[in-house]
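Please read the structure below before turning to the comments.
The values are calculated or read from the model by the stated rules, or taken from the named source; none is laboratory data. A quick note: this is a predicted structure, and the numbers were derived from the prediction, not measured. No Cβ is skipped: glycine too gets one built from the backbone with ideal geometry, and neighbour counts run over all protein chains shown. With ligands, DNA and RNA removed, areas are computed over all heavy atoms of the protein, side chains included. Shrake-Rupley method; radii C 1.70, N 1.55, O 1.52, S 1.80 Å.
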Amino acid sequence: FIIIKGGYGEQIIPDLPNVEVVENCIDIEKYIIQSHTLLMLSRYESYGRTAVECILAGLKVVYSDTAVGLKEAVGSGGYAVNRNDIKQVIKALSKPIEIRHQQKHLKNQMMLDKELFVKFVNKLLKK
């Protein structure tokens, strides 16, 4: 297992023999290509860029249902779980996920965001 420390807040890092702990980094791609699943049980996420990068790379994403930014970024492209319910986390980790469905969802989200962004910019230019 690989744990990459987050950039904000308190980090709870277990001391386990089968876990490699990596400091927060910008070259996350080398860790993504070694992985099959992203487990992101954050208490809070403003957006969830890491989750989006992992979906685009074809990874299964299991995320905390309390992290509002992740809900919006991942949507039906992953599994939302109660971060305090270990049985729910294990169940989600054992579920298969259709990668095409994830990527299609993300593409739809990006197109929606692009349309909203273009409308926002056009509104600003009219002022």
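Data for the structure
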| item | result |
| --- | --- |
| Meets criteria (among the small types (Gly, Ala, Ser), at pLDDT 65 or above and open to solvent by 40 Å² or more (accessible area, probe 1.4 Å)) for Ser64 | no |
| Residue match in the stretch 58-69 (condition: under 21 Å from Lys5 (Cβ atoms) and either charged (D, E, K, R) or touching a residue at least 60 places away in the same chain (Cβ under 8 Å) (or both)) | no |
| Selection within the stretch 14-29 - exposed (fewer than 10 other Cβ atoms within 10 Å of the Cβ) and farther than 18 Å from Gly48 by Cα | Pro14, Asp15, Pro17, Asn18 |
| Positions within the stretch 17-28 being over 16 Å from Ala73 (Cβ atoms) and at pLDDT below 85, in sequence order | Cys25, Ile26, Asp27 |
| Every residue from the stretch 30-58 that is under 23 Å from Lys95 (Cβ atoms), touching a helix residue (DSSP H, G or I) at 6+ places or on another chain (Cβ under 9 Å) and either acidic (Asp, Glu) or surrounded by fewer than 13 Cβ atoms within 10 Å (Cβ to Cβ) (or both) | Glu45, Glu53 |
| Filter pass, Ser76 being touching a residue at least 12 places away in the same chain (Cβ under 8 Å), surrounded by fewer than 17 Cβ atoms within 10 Å (Cβ to Cβ), in a helix (DSSP H, G or I) and not acidic (Asp, Glu) | yes |
| Failed criterion for Lys123 (all others in (1) at pLDDT 85 or above; (2) in a helix (DSSP H, G or I); (3) of a type outside the set (Val, Ile, Thr) hold) | (1) |
